[in-house]
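Structure, as C-alpha cells:
The values are calculated or read from the model by the stated rules, or taken from the named source; none is laboratory data. The model shown is predicted, which means the values in this text are computed figures rather than measured ones. So basically every Cβ, Gly included, is an ideal-geometry build from the backbone, and we count neighbours across all protein chains shown. Protein only, heavy atoms only, side chains kept; ligands, DNA and RNA dropped before computing areas. Shrake-Rupley method; radii C 1.70, N 1.55, O 1.52, S 1.80 Å.
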Protein chains: 2
Amino acid sequence: MDKKSPIQITLTKRDEAVTITQWVYSTLRNAVMNGQILPGRALTIRELAAILDVSPMPVREALRQLAAENALEIQGNRRVMVPKMTAMKFSELCEARITLESHAAARALPYIDKDKRAQLIALDKDIDDAQDKGDLEQITVRNQRFHRCLYTANPHQVTLPLIESLWLQLGPFMKLANSRLKEHYTIDRHNEALEAINKKDALALQMAIASDIREGFAFAGTPELLYNFIEQSGAE
Amino acid sequence: MDKKSPIQITLTKRDEAVTITQWVYSTLRNAVMNGQILPGRALTIRELAAILDVSPMPVREALRQLAAENALEIQGNRRVMVPKMTAMKFSELCEARITLESHAAARALPYIDKDKRAQLIALDKDIDDAQDKGDLEQITVRNQRFHRCLYTANPHQVTLPLIESLWLQLGPFMKLANSRLKEHYTIDRHNEALEAINKKDALALQMAIASDIREGFAFAGTPELLYNFIEQSGAE
DNA sequence: TTTATTTATTTGTGATCACATTTACTGTTA
DNA sequence: TAACAGTAAATGTGATCACAAATAAATAAA
C-alpha cells in the first residue's frame, strides 16, 4: 500500500490538554527536523492520517501550517513534500541564519540580566553533557535551546519565528551533519558568546554567534559531503 | 449581529482557476495589509465566512496559514486576531526589516544583469507615477514590488518569505503611515540603490536599502504619531 | 519491448454535522 | 448601581461525505 519509502515517524504520547491538530503539527515538525521524511517524498493527507491514527482533518491543518513556515513545499496545485536541498540553497540558508541570529543576539544583549546569564550558562553545560554522552539528537535540541534562550531575552523580539523557519529548512540536513559531528567540531563558541555578554560587547557577541553557526556547518562545506547530500536529496 | 466594529473587506472577483482557500487567503491577507481589520478585533471563522460568502472550511485554512506567517495571532486556545502593535515591537520590526533586506539585497547583487536592472528602473518609474497621482495604496504596492524584484534576482534566495512576513506585520501600520506620507518623504533611495547596482558596490546598496526603509518610517518615529498609533491599536 | 490510450483508484478541496468549550446575555441579589 | 449566577447562543475542533482533478494501473497498439 505504501508508495515509495515507508515513512517512520517518531510518535509521542498525545497530551489530552492539547488539540489533535497541535499534536500532529509538532509530531510532523519533529519528523521533518530529524530528517525522517526524505526530501522529495510525496506526502498525502490520508497516508499521514493513517500513520498517526487520526482523521485527515488535523493532518490537513498541520500540513498547511508547516508549508506556511517553509518546512514543506506545495507542489503545483496538489502534493506536498519536504523541499529538496541544493548546495546554493544550503549556502543561502546558512548565511541567512548568520545574519538573522547575529541581529537577534545583538538586539537581545541589553536585556540580558544576571538571571538570564545563569540560564544560558546552565544550558551551555547541558550541551556539554550531551556532547560527552555523544547523544547527537540531544546536542541539536539543546543547542537550539541555548540560541532560543539568548534571543528571547529581548521581550519585544520578532525574529525568532523567522529563525525557527530557517532551522526547520536546515533540519533534514542538520541530521546528516550531526552524524559526522563527533569527529569534527565538538567545541562551540558559546563561552566566547558568554564572555561578550559579560562585557556587554555587541560586536563580539555577533562574531561569536556567527562563528558558532558557521563552524557548525563548516565541515558540510567540504565539496564531497555537500555533493553527497545533494545527490541523496536532490535526485528524483 | 456584529460584535464590535463592522469589518469592511475589499472583495475581488474570484478567479475560477484558483481554489477558494487561496482566494480567501489573499483576500484576508490584503485586508490585514491594508489595515482593514483593527488590531485586537476578534475574528471568528463563521463571521468571515459569511462576509466572504464561502463555507467555513476555506476560512479555517486561510486563518491558520496567516497565523503561521505571524499576520494573525491565536489567542489562548481559541480566538484569532490581528496582533496589537507597540512602540518597541514596531522598532524591532523596522530593524529586522533593515537587517534582512540589506542582506537580501547584497546577496542578490551578483545576479543582477542588464535585464533585471531594466526591470528595476521600470518599477521605480511606476512608483514615481503613483506618487505623482498621490495614489497611496499603489505607492505601497509598487514599492514592495520593487524590493521583491530586487531580492528575487538571486535564484537561490530564501529570505523573501521572511521579509514578506515582516511586511505583513507592519502592514496595518504602513497604512496609517501612508496617510501622512504626502507631506513628508516623497523621495526614495531607489536611485541610490540603482547606482550602487551599476557599480556592483554591495555596501553602498545595503546602505541605500537601509536608508530607504528607515526613512520610510522616520516620521513614524516621532513620539506623537507613535503614541497615536499605539493608543489606537493597543487599547482594548 | 516500448508507447499510447483507456480505465480504475487515489487524492485534495470543500461542505455539512456533532459536540464540548467558551462567550454573551438575562434576571436576580447585595 | 454594581456584582453575580444561571441560562442561552455562538464558536473552534474534529469527523465524515461528495466530487472533480490528478495519478496510477491496465489494456491495446506499434
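For the reader, a short list of remarks on this structure follows.
- Among (1) surrounded by 15 or more Cβ atoms within 10 Å (Cβ to Cβ); (2) more than 15 Å from the chain's Cα centre (by Cα); (3) modelled with pLDDT under 90; (4) away from chain B (no Cβ under 14 Å), the one test that residue A:127 misses: (3)
- Per this entry, residue B:84 is counted among residues that are within 18 Å of the chain's Cα centre (by Cα), open to solvent by 40 Å² or more (accessible area, probe 1.4 Å), at pLDDT below 95 and closer than 30 Å to residue A:17 by Cα.
- Scanning the stretch B:125-136 turns up no residue that is more than 16 Å from DNA strand C (Cβ to nearest atom) and in contact with a strand residue (DSSP E or B) (Cβ under 6 Å, 6 or more places away or on another chain).
- Hits in the stretch A:54-82 - residues which are assigned to a loop (DSSP other than H, G, I, E, B) and within 9 Å of DNA strand D (Cβ to nearest atom): A:54, A:55, A:75, A:76, A:77, A:78, A:79
- Inter-residue pairs, beta-carbon under 6 Å, first over 20 Å from residue B:59 (Cβ atoms) and in the stretch A:41-69, second near DNA strand C (Cβ under 8 Å from one of its atoms) and part of a helix (DSSP H, G or I), 6+ apart: A:46/A:56; A:49/A:56
- Boolean, residue A:44 is among the polar types (S, T, N, Q) and under 30 Å from residue B:106 (Cα atoms): no
- Residues being over 24 Å from residue B:167 (Cβ atoms) and free of Cβ contacts under 8 Å to residues at least 24 places away in the same chain - total across the stretch B:15-40: 2
Okay, residues lined up against (1) within 18 Å of residue A:161 (Cα to Cα); (2) more than 12 Å from chain A (Cβ to nearest Cβ); (3) more than 16 Å from DNA strand C (Cβ to nearest atom):
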{"residue": "B:68", "(1), (2), (3)": "yes, no, no"}
{"residue": "B:73", "(1), (2), (3)": "yes, no, no"}
{"residue": "B:95", "(1), (2), (3)": "yes, no, yes"}
{"residue": "B:102", "(1), (2), (3)": "no, no, yes"}
{"residue": "B:106", "(1), (2), (3)": "no, no, yes"}
{"residue": "B:109", "(1), (2), (3)": "no, yes, yes"}
{"residue": "B:113", "(1), (2), (3)": "no, yes, yes"}
{"residue": "B:116", "(1), (2), (3)": "no, yes, yes"}
{"residue": "B:121", "(1), (2), (3)": "no, yes, yes"}
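- Residues of the stretch B:132-162 classified as over 20 Å from residue A:90 (Cβ atoms) and either within 10 Å of chain A (Cβ to nearest Cβ) or of a type outside the set (D, E, K, R) (or both), total: 12
- Residues satisfying the stated conditions in the stretch B:16-49, i.e. part of a helix (DSSP H, G or I), farther than 17 Å from residue B:79 by Cα and more than 21 Å from the chain's Cα centre (by Cα): B:20
- Here residue B:57 fulfils each of the conditions (1) within 14 Å of chain A (Cβ to nearest Cβ); (2) over 19 Å from the mean Cα position of the chain (by Cα); (3) open to solvent by less than 20 Å² (accessible area, probe 1.4 Å) apart from (3).
- Single residue of B:98, B:74 found to be β-branched (Val, Ile, Thr), open to solvent by 60 Å² or more (accessible area, probe 1.4 Å) and within 23 Å of the chain's Cα centre (by Cα): B:74
- All positions within the stretch A:140-157 that are open to solvent by less than 10 Å² (accessible area, probe 1.4 Å) and of a type in the set (A, V, I, L, M): A:150
- Inside the stretch B:17-52, residues that are open to solvent by 80 Å² or more (accessible area, probe 1.4 Å) and either near DNA strand D (Cβ under 9 Å from one of its atoms) or on the phi > 0 side of the Ramachandran plot (or both) make up a count of 1.
- Among the residues listed as A:226, A:194, A:181, the single one being in contact with a helix residue (DSSP H, G or I) (Cβ under 8 Å, 6 or more places away or on another chain), at pLDDT below 75, surrounded by 15 or more Cβ atoms within 10 Å (Cβ to Cβ) and closer than 24 Å to residue A:133 by Cα: A:181
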